[in-house]
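To keep things clear, I will list the structure first and then write my remarks on it.
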Amino acid sequence: MKITEFRGDEFINREEEIAFLKDWINYIPKEILWIYGPKSTGKTSLIEYVIEKELTSNLKIFDRYWIKYINFRGLMIGSYDSFINSFFEEAEGEEDDFSAEVKAGFNIGVIKLEANTLEKIKSKKKNLFNELIEKLKKINKIKLIAIDEIQTLEAIYYNGEKELLKEFLNFCVRLTKETHLSHVIILSSNTIFIERIYNDARLKLTSEFKKIDHLGKETTFEYLEYKMKELNSSLDKELIWEYLGGCIPLIQKMFRKIKSFDLLKKYLDGEVEIILSEIIDVMRRFLSEQEKKEFKKLAKIIIDKGFFEIKESDSDIMVKIIDFLAQKEIFFYDPLTRKVTGNNRLYEKAFERLY
Ligand SMILES: Nc1ncnc2c1ncn2[C@@H]1O[C@H](COP(=O)(O)OP(=O)(O)O)[C@@H](O)[C@H]1O
Ligand SMILES: [Mg+2]
């Protein structure tokens, strides 16, 4: 495990994932890459780290890449117009991102288009995606479009703009598999949404999945030892692992909050109680008596086996509960293995207290 500096804070581990992404980006684009995993495992941090530290920190290398990282977080995207506005901005002078010459300092968020073109796209006189492909053809660099929090587009899906979403995914296929013009990386914790659009747009042969999970036990212990040395303290590592697993922000928070180390168990129990009231609140407000029973059954299996595996024979009600609780970020559903767990270890500790 390595700890490096990133934006004035520590950046833990992820060597394998960083190497994977660098490799991916330097190979010719052939598939869409979907990065998924429970919330707060560090998907956003990882892609930002790779872009900032590995791809663009050195100006010489920087010249090799054209990168757009767009994070939909906090945006309301429910229509064609808001979709366009989240991607594009009117260029004041030239469309700087598309010029072949090297420019220092680039805008990583939005794609700049000349006013006239943008207007035509907005009024649908020009096809947005065709236009983009023509532009991208002119950039003689390794290109990457990364889109974070893709589930924000869910509103588009339900607002009758389903076709726009399909068109967008089809565009991603054109960029990667068909023309090899640009890499496309899509990130989200919402695997229910990923699975739905993935199946809908029939992306099976054109996608690759990479899971970013909480840290494993060995790495977590290494990190705990490192922190304890730094703070000159000694804590029960097994106990921390039992309650927090390898969830980085939870462990970091614990080190910030705990003043006296005799209070570790009390602190961890307090954390479980907070999650427990969140779960009970969701159960009360949204689940029927029968659904509560089914949920408890699932929770029990997760406690006993470590996971619940979805089978064809499972009842519709079971599958619906899993969908719903995954959307509420209580469960995490892995679409590749079809296994369901708590979103992090604290949720599973809270499941134990449902009885
Ligand atoms: N490798 C890491 N090293 C240090 N901190 C991390 C790391 N990964 C995530 N974090 C911290 O955990 C928090 C959640 O990470 P984030 O990237 O937002 O997760 P995600 O995008 O998977 O939901 C952030 O505050 C970030 O600082
Ligand atoms: Mg994120």
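Here are the numbers:
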{"item": "Qualifying residue in the stretch 32-40 (condition: farther than 18 Å from SER188 by Cα, aromatic (Phe, Trp, Tyr), outside the structural domain of LEU250 (by TED's automatic domain parsing) and surrounded by 15 or more Cβ atoms within 10 Å (Cβ to Cβ))", "result": "no"}
{"item": "Qualifying residue in the stretch 235-253 (condition: in contact with a helix residue (DSSP H, G or I) (Cβ under 7 Å, 6 or more places away or on another chain) and at pLDDT below 95)", "result": "yes"}
{"item": "Residue count, the stretch 280-307 (criterion: small (Gly, Ala, Ser) and without any contact (Cβ under 8 Å) to a residue 40 or more places away in the chain)", "result": "2"}
{"item": "When residues of the stretch 131-160 are limited to those that are within 20 Å of LEU118 (Cα to Cα) and touching a helix residue (DSSP H, G or I) at 6+ places or on another chain (Cβ under 9 Å), the one surrounded by the fewest Cβ atoms within 10 Å (Cβ to Cβ)", "result": "LYS138"}
{"item": "Top-ranked residue of the stretch 234-249 - restricted to ones that are aliphatic (A, V, I, L, M) and in contact (Cβ under 8 Å) with a residue 60 or more places away in the chain, ranked as nearest to ligand 2 (Cβ to nearest atom)", "result": "ILE248"}
{"item": "Condition check for LEU118: at pLDDT 80 or above, within 27 Å of PHE6 (Cβ to Cβ), touching a strand residue (DSSP E or B) at 6+ places or on another chain (Cβ under 6 Å) and buried (at least 16 other Cβ atoms within 10 Å of the Cβ)", "result": "no"}
{"item": "Some residue of the stretch 59-69 being of a type in the set (A, V, I, L, M), within 16 Å of ligand 2 (Cβ to nearest atom) and at pLDDT 85 or above", "result": "no"}
{"item": "Enumeration of residues in the stretch 9-40 that are more than 23 Å from GLU225 (Cβ to Cβ), part of a loop (DSSP other than H, G, I, E, B) and small (Gly, Ala, Ser)", "result": "GLY37"}
{"item": "Only listed residue being part of a helix (DSSP H, G or I) and farther than 30 Å from LYS2 by Cα, chosen from ARG284, ARG256", "result": "ARG284"}
{"item": "Test: THR206 is within 14 Å of ligand 1 (Cβ to nearest atom), β-branched (Val, Ile, Thr) and either out of contact with any strand residue (DSSP E or B) (no Cβ under 6 Å at 6 or more places or on another chain) or outside the structural domain of ILE251 (by TED's automatic domain parsing) (or both)", "result": "no"}
{"item": "ILE310 being surrounded by 11 or more Cβ atoms within 10 Å (Cβ to Cβ) and either modelled with pLDDT under 95 or under 23 Å from the mean Cα position of the chain (by Cα) (or both)", "result": "yes"}
{"item": "Residue selected from the stretch 18-54 under the condition within 15 Å of ligand 1 (Cβ to nearest atom) and among the β-branched types (Val, Ile, Thr), by the criterion nearest to LEU336 (Cα to Cα)", "result": "ILE35"}
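Okay, residues lined up against (1) under 19 Å from the mean Cα position of the chain (by Cα); (2) under 15 Å from THR41 (Cβ atoms); (3) modelled with pLDDT of 95 or more:
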residue: LYS305; (1), (2), (3): no, no, yes
residue: ASP316; (1), (2), (3): no, no, no
residue: PHE324; (1), (2), (3): yes, no, yes
residue: PHE351; (1), (2), (3): no, no, yes
residue: TYR355; (1), (2), (3): no, no, no
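The values are calculated or read from the model by the stated rules, or taken from the named source; none is laboratory data. All of these numbers come straight from a predicted model, not from anything done at the bench. Using ideal geometry, Cβ is built from the backbone for each residue, glycine included, and neighbour counts are taken over all protein chains shown.
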